[in-house]
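Below: one structure, written as structure tokens.
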Amino acid sequence: MFIPYGNHQIDDDDINAVVDVLKNHFLTQGQKVPEFEQAIADYCQVSYCTAVNSGTSALHVACLALGVTKGDRVWTTPNTFVASANCALYCGATIDFVDIDPATRNISLPELTKKLTQAKLTNSLPKVLMAVHFAGLPCDMKAIKALSNEFGFKIVEDASHALGSFYNELPVGNCLYSDFTVLSFHPVKPITTAEGGALLTNNECLYKRSGLFAKHGVTRAPDLIEDQYKSQDDGAWYYQQIELGYNYRLSDLQAALGLTQLTKLDGFINKRRQLWQRYTEKLAHLPLVLPIEPNYAKSGWHIYVVEVTNHDRQHVFNQLIEQGIGVQVHYIPVHLQPYYQKLGFSVGDFPCAEAYYAGAITLPLFPHLTFEQQDYVIATMESILG
Ligand SMILES: *Cc1c(COP(=O)(O)O)cnc(C)c1O
């Protein structure tokens, strides 16, 4: 028996929904994608949703719609998946990082404030801040929004981990404090469409811009059509390409899967929170740093990361793998990746993210992990660390 760190849950209703599309509906550009977009928007209490073929595509489109281009700066946290930073580079912008808060493992607000204050003096403020809700725990968005008002940057929430999480009693994705929120539906994420993602916003103009970039930059919308290029001979078939867009569409097969998955999200999250609570109670006596949940947040706990303090992390990691426990490490700080070091970043640039990484181990956590399996993980941790 091998217990992975994360795993999707596919039930008969998911399978039947996909088979129904295969038998009876359009495979792409049918009704399932708009239905899924509406269902996600309703769940997240946000005005607009555009479904796309990955979270990475959604991050890219968010940057494009906000006008990120050569000469612009985008800031994010080093404790994230590389895609949160890569999207800025796709647009020709430069990327920089802000160190983490060791307690929440999210971007540090004192560090952010300090760096913004310095950047203002040298006229090098970021155009966009990519706020990542690590492990599902929302960043303190009210505080980030206050800084955005003061320093004039746009906010994208990378909520790839955080569909089903709550900030101040309201669902992550409502974009009350951001221009866009990005979701991912990769199989380890809160719900899955195999590959997939979504882009949420309350801003109608940004919604239209992001739809364009996700669909070839081509439109039939009367309010977007550039009339001076249209002639009297152009009939009902007429469309225009007005931007250089991409084909980032989600298929209807995937949207159908997303729709059934979404009906089960609250159950998935309840189970994840139960598992989080059990780990936190039963690991408390061991020499570990455990994840915390500030009062403003109710995390969906996408992953459960412990930090080993007085043991060799590699030894603990290898022992767990040997005992059939599929641990992982989230994340190698992005600035330490060779590609980023070649851009000029070095070891020591973001010491809190590096110190966190040195001890981090992600334990198994997913909706159908049984309490017996979890107790085995806990007992194994006790025997290695005890
Ligand atoms: C998974 C993930 C992404 C990328 O999502 P994909 O759907 O795999 O492209 C981006 N950011 C974070 C924080 C993620 O965990």
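The values are calculated or read from the model by the stated rules, or taken from the named source; none is laboratory data. Every value quoted in this text rests on a predicted model; they were computed, and no experiment measured them. In this analysis, Cβ positions are derived from the backbone assuming ideal geometry, glycine residues included, and neighbour counts consider all displayed protein chains.
The table below lists the values:
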read-out	value
Subset tally (residues that are under 18 Å from Val98 (Cβ atoms), crowded, with 17+ Cβ neighbours inside 10 Å and either touching a strand residue (DSSP E or B) at 6+ places or on another chain (Cβ under 8 Å) or modelled with pLDDT under 95 (or both)) for region 341-372	6
Hits in region 274-324 - residues which are among the β-branched types (Val, Ile, Thr) and either touching a residue at least 40 places away in the same chain (Cβ under 8 Å) or on the phi > 0 side of the Ramachandran plot (or both)	Val289, Ile292, Ile303, Val305, Val306, Val308, Thr309, Val316
Enumerated helices (runs of 4 or more DSSP H) restricted to region 222-328, each holding at least 2 residues that are over 28 Å from the mean Cα position of the chain (by Cα)	313-322
Inter-residue pairs, beta-carbon under 9 Å, first on the phi < 0 side of the Ramachandran plot and part of a strand (DSSP E or B) and in region 176-189, second more than 9 Å from the ligand (Cβ to nearest atom) and of a type in the set (D, E, K, R), 6+ apart	Phe180/Lys154; Phe180/Glu157; Thr181/Glu157; Val182/Glu157
Filtered residues of region 144-161 (kept if hydrophobic (A, V, I, L, M, F, W, C), within 16 Å of Val74 (Cβ to Cβ) and touching a strand residue (DSSP E or B) at 6+ places or on another chain (Cβ under 7 Å))	Ile144, Phe153, Ile155, Val156
Which listed residue is within 12 Å of the ligand (Cβ to nearest atom), at positive phi and surrounded by 24 or more Cβ atoms within 10 Å (Cβ to Cβ), from Gly197, Gly164, Gly136	Gly136
All positions within region 263-287 that are aliphatic (A, V, I, L, M) and surrounded by 21 or more Cβ atoms within 10 Å (Cβ to Cβ)	Ile269, Leu275
Qualifying positions in region 55-80 - out of contact with any Ser or Thr (no Cβ under 7 Å at 6 or more places or on another chain), under 29 Å from Ala39 (Cβ atoms) and near the ligand (Cβ under 10 Å from one of its atoms)	Thr56, Ser57, Ala58, His60, Thr80
